[in-house]
Amino acid sequence: MSVYSHSRLSCYEQCPQKYKLKYLDKVETEVEQSIEAFLGSRVHETLEKLYRDLGYQKLSTLDELLDFFRSEWKKNWDDSIVIVKEEYGPENYLKMGEKFITDYYNKYKPFDQGRTIALEERVLVTLDDAGEHKLQGFIDRVMESEEGYYEVHDYKTNSRLPLPEYLDNDRQLALYAIGIKERYPDVKDVKLVWHFLAFDKEIDSTRTDEELEALKKDVIALIEKIESDEKFAANPSLLCDWCEFKPICRQWSHLYMIKEKPENEYLGDPGVKLINRYAELKQKQKQITLDLYAEIDKLEEALINFAEKEGVDVVFGSKNKVRIKETEQNKFPAKHSNERERLEQLLKDHGKWMMLCSLIRLY
Ligand code: SF4
């Protein structure tokens, strides 16, 4: 029986192929750590130290904490850490971490909001009565605010602030809430608390028992889907840039192949040649289509003028005919026509494009 985790499930949702490589085939990679993960680890261990010291009745000063953060950064730094956003350097991320810690410290000092029960605590969640499906996770901090009222705290260092509605459906902390309810018999309620450090924001949420039961069912369904998957199809996305399997992934292996070649050989690569020619022909095809639509528009206009001038409703060719009818109709300019492109641009400029796309999807 496999014990799942939220990150394992998320890995499958992101890309089934990555999941297979990581959890089933257990492919070894020269794991290149991303700067985001590195920053997250250093900030987490600094906040862990803060609360661990408090357990020993030691309130660290902000300077002590920042010194600890910088020294852990230096001690663990490795030049192979990957910075995908090339316009930023390690010093930018170091400063970000300092800012996160400073804001957090100033916001919660003297840290008397409740009693810390556990730090970096492993929880095991049983998803069904038979105990066939289990899930484990690590909670950054568990706090008891009042007798029987527990809080699950999670520190986020992402530079994106999710909408509260998204967090109301977040799976990770809700699963931990189930684990807390299993572990502490005096639980009256569990609050989920996210600290979005980059925004100096705390967002809270709760789940009813019914919601937690529904969540268990959803997670079991996902586990069953994973266990019955036979293909584990690749799902390439922007997140591939952070995937440790990118160099061996078939979605990217040609890129790695040609990157290693000098420029003159690169252009001689048969794959590169095929793609360049393909792109050229597709561009031509688009231009020909545009020209054809433009010519058809002109012909239709000429036909209407001809029918009007001659007083006829149907115009005959050698084998075909066209009936000209006057109707009132609002219609989009034809696809690929210049008018269509102009209309689309106009809608985008006025911020109406997404609304229109949603309406079209609805109907
Ligand atoms: S590189 Fe992208 S497509 Fe390939 S395994 Fe990783 S996430 Fe999946």
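General remarks:
- Equivalent ellipsoid semi-axes - Cα gyration tensor, the chain, angstrom: 55, 29, 24
- Rounded to 5, the percent of DSSP beta bridges in the chain classed as antiparallel: 65 percent
- Here the stretch 267-362 is described by how far its Cα atoms reach on the three principal axes: 62, 40, 22 Å, from widest to narrowest.
- In the chain, taking the dipole from charged Cβ atoms about the Cα centre, the farthest positive-side position among 302, 4, 327 is held by 302.
- Counting every C-alpha pair in the stretch 32-111, the share spaced more than 23 angstrom apart comes to 23%.
- Computed from backbone phi, the HN-Hα couplings of the stretch 255-266 come to 4, 5, 4, 7, 4, 7, 8, x, 4, 5, 6, 4 Hz, rounded to whole numbers (Karplus: 6.51 cos²θ - 1.76 cosθ + 1.60, θ = phi - 60°; Gly and Pro given as x).
- When the alpha carbon gyration tensor of the stretch 113-229 is reduced to an equivalent ellipsoid, the three semi-axes, largest first, read 24, 19, 13 Å.
- A dipole drawn for the chain from +1 and -1 charges on Cβ atoms has a positive end, and of 196, 221, 56 the residue lying farthest that way is 221.
- The stretch 4-68: trypsin sites (Lys or Arg not before Pro) in DSSP coil with no more than 11 other Cβ atoms inside 10 Å: 26, 58
- Efficiency of FRET between residue 67 and residue 149 - r from beta-carbon atoms, R0 30 angstrom, step 0.05: 0.30
- Using only side-chain charges placed at the Cβ, +1 for Lys and Arg and -1 for Asp and Glu, the dipole size of the chain relative to its Cα centre rounds to 1240 debye.
- Spatial offset of the stretch 281-308 relative to the stretch 46-83 amounts to 68 Å, using the alpha carbon center of each.
- Here the alpha carbons of the stretch 156-216 define both size measures, Rg and Dmax, at 12.5, 37 Å.
- A simple rule links phi to the HN-Hα coupling: the Karplus curve 6.51 cos²θ - 1.76 cosθ + 1.60 with θ = phi - 60°, which for the stretch 175-181 gives 5, 5, 4, 4, x, 5, 5 Hz, with x for Gly and Pro.
- Taking the Cα centre of the stretch 1-40 as origin and assigning +1 to Lys and Arg Cβ atoms and -1 to Asp and Glu Cβ atoms, the resulting dipole is close to 220 debye.
- In order along the stretch 85-96, phi translates into HN-Hα couplings of 7, 5, 6, 10, x, x, 5, 5, 5, 4, 5, 4 Hz, rounded to whole numbers, per the Karplus curve 6.51 cos²θ - 1.76 cosθ + 1.60 with θ = phi - 60° and x for Gly and Pro.
- Whole-percent P(r), the stretch 1-138, all Cα pairs, 5 Å bins from 0: 2, 8, 14, 15, 15, 15, 14, 10, 6, 1, 0.
Every number in this text was worked out from the coordinates using simple rules, so none of it is lab data. This structure is a prediction, so every number in the text was calculated from the model and none was measured. Positions of Cβ are backbone-derived with ideal geometry, glycine not excepted, and every protein chain shown enters the neighbour counts.
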